[in-house]
Amino acid sequence: MAVIAFAGASGGPGVTATALAALLTWPLPEGRRAILAECDPDGGSIAAGYLESRVLGDYGLHNLEVAHRRHQLDQEFWQQLIVLSENDAIADRLLLPGLSNPAQAAGLSQTWQRLGVLFEQLQNQEPGHDVIVDLGRSGATGTASALARSADIVAVVVRCTLRSASAAKPRVDALRAALEVHGRDSGRLGLVVIEDGPFRQRDIAEQLQLPVFATLPHDPKAAQVLSHGGDGGRSFGRSPLLRDARAMSERLRSLAVQEQQRLHAPVLRPQTVLDRMKGAVNGAAR
Ligand SMILES: Nc1ncnc2c1ncn2[C@@H]1O[C@H](COP(=O)(O)OP(=O)(O)OP(=O)(O)O)[C@@H](O)[C@H]1O
Ligand SMILES: [Mg+2]
């Protein structure tokens with residue numbers, strides 16, 4: 001029932017590692033599934049990183065451009081997913097691998113918006129899917145920003161350093177403006193703060209004028225597994241990063257559900273003087 005987009009800025013704040021941690025810890029009541037779509041126009045990194053190029057075959061976002069031109073995006077999308085669930089038979093955590101070459105992004109300029117529509121529709125299909133989108137550093141502001149606009153929640157990943165906050169500032173401003181221009185409430189925008197650096201998360205939130213949706217610890221050991229693969233062993237699942245990612249995922253999902261309820265709530269128009277006069281006239285005529 002939710003579409004959550006993660007965005008970042010230069011300096012590799014940890015968007016992909018955070019989005020992957022979200023997929024691996026996403027709350028999945030029976031029958032639901034989660035998909036991580038690596039839609040970073042600068043290229044994906046999970047296939048060569050976390051998966052260490054172990055998956056053979058030609059899967060991923062780059063195949064969707066042609067599918068879109070042939071009006072086959074909806075069918076072809078499912079052929080491009082890789083199962084990341086521990087138990088293959090359940091197949092409830094799925095990955096759409098990102099571009100292997102950033103040059104492929106130019107061809108997708110017409111496809112992003114259609115992909116956003118597909119993600120929104122996936123929520124309501126049976127079985128229902130939650131979609132996590134990695135927008136990378138430039139996806140939030142270029143043509144891929146159509147995905148940010150269609151998401152229920154957009155979380156900007158930032159570290160507690162001046163450099164990270166300064167890099168995030170223009171992107172947050174652009175994102176806020178893009179959401180407002182399209183009539184979407186910028187209240188859907190917030191931060192995932194990685195506790196790495198001298199600043200307090202309160203200072204970062206103030207600087208960027210955004211609420212903190214969640215915080216994650218600086219945990220290089222677990223992050224290394226998410227970024228480069230390798231056997232993290234049992235300690236990976238129990239690492240501080242995965243533990244806090246579980247809480248982040250719960251929180252983001254509940255924020256997204258709240259946002260959907262807010263959007264679909266009936267609009268109560270205040271009664272105007274004219275309405276009251278009409279009511280009085282109708283009453284007198286009866
Ligand atoms: N919570 C964390 N604690 C410690 N290190 C982290 C954390 N999250 C990510 N990292 C590390 O930071 C580096 C960058 O992470 P990642 O590739 O996820 O960033 P990114 O924002 O997606 O970068 P890019 O813009 O290049 O796509 C990696 O070495 C990763 O292991
Ligand atoms: Mg990345």
Q) Taking every DSSP beta bridge that has both residues in region 3-285, what percent is antiparallel when rounded to the nearest 5? A) 5 percent
Q | Under the Karplus curve 6.51 cos²θ - 1.76 cosθ + 1.60, θ = phi - 60°, whole-Hz ³J(HN,Hα) for region 190-200, x wherever Gly or Pro sits | A | x, 10, 10, 9, 8, 6, 10, x, x, 7, 7
Q. When the scattering of region 3-285 is computed by the Debye formula from its Cα atoms alone, each counted once and equally, what is log10 I(q)/I(0) at q = 0.16 Å⁻¹?
A. -1.28
(Q) If the only charges are +1 at each Lys and Arg Cβ and -1 at each Asp and Glu Cβ, what is the size of the charge dipole of the chain around the Cα centre, to the nearest 20 debye? (A) 960 debye
Q) Using the per-residue mean of other Cβ atoms lying within 10 Å as a proxy for protection, in what order, highest first, do the peptides 128-141, 30-43 fall? A) 128-141, 30-43
Q) How large is ³J(HN,Hα), in whole Hz, for each residue of region 57-65 in order, when computed from phi with the Karplus curve 6.51 cos²θ - 1.76 cosθ + 1.60 and θ = phi - 60°, using x for Gly and Pro? A) x, 9, 10, x, 4, 4, 6, 7, 5
Q: Taking amide H positions as placed in the peptide plane 1.01 Å from N, state which residues far from VAL212 in sequence (5 or more) or on other chains have amide H under 5 Å from it.
A: LEU191
Q) Of GLY139, CYS39, GLN209, whose Cα points farthest to the positive end of the dipole of the chain (charges on the beta-carbon: +1 Lys, Arg; -1 Asp, Glu; origin at the Cα centre)? A) GLN209
Q.
Could you sort the peptides 255-262, 91-98 by per-residue average Cβ neighbour count (10 Å cutoff), highest mean leading?
A. 91-98, 255-262
Q) Using θ = phi - 60° and the Karplus form 6.51 cos²θ - 1.76 cosθ + 1.60, what ³J(HN,Hα) does each residue of region 210-217 get, whole Hz, x for Gly and Pro? A) 9, x, 8, 6, 6, 10, 10, x
Q: List the residues whose amide H sits under 5 Å from the amide H of GLN123, counting only those 5 or more places along or on another chain, with H placed 1.01 Å from N in the peptide plane.
A: HIS129
Q. If you take the charge dipole of region 3-285 about its Cα centre, with +1 on Lys and Arg Cβ and -1 on Asp and Glu Cβ, which of ALA148, ASN63, GLY237 is farthest toward its positive end?
A. ALA148
**Q.** Percentage relative contact order, the chain, counting C-alpha pairs under 8 Å, at least six apart
**A.** 27 percent
Q) Against the longest alpha carbon principal axis of the chain, how many degrees, from 0 to 90 and to the nearest 10, is the axis of helix 273-285 turned? A) 50 degrees
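Values in this text are rule-based calculations from the coordinates and carry no lab data. Note that this is a predicted model, so its numbers are computed, not measured. Methodologically, a virtual Cβ is constructed for each residue, glycine included, from the backbone with ideal geometry; neighbour enumeration extends over all protein chains shown.
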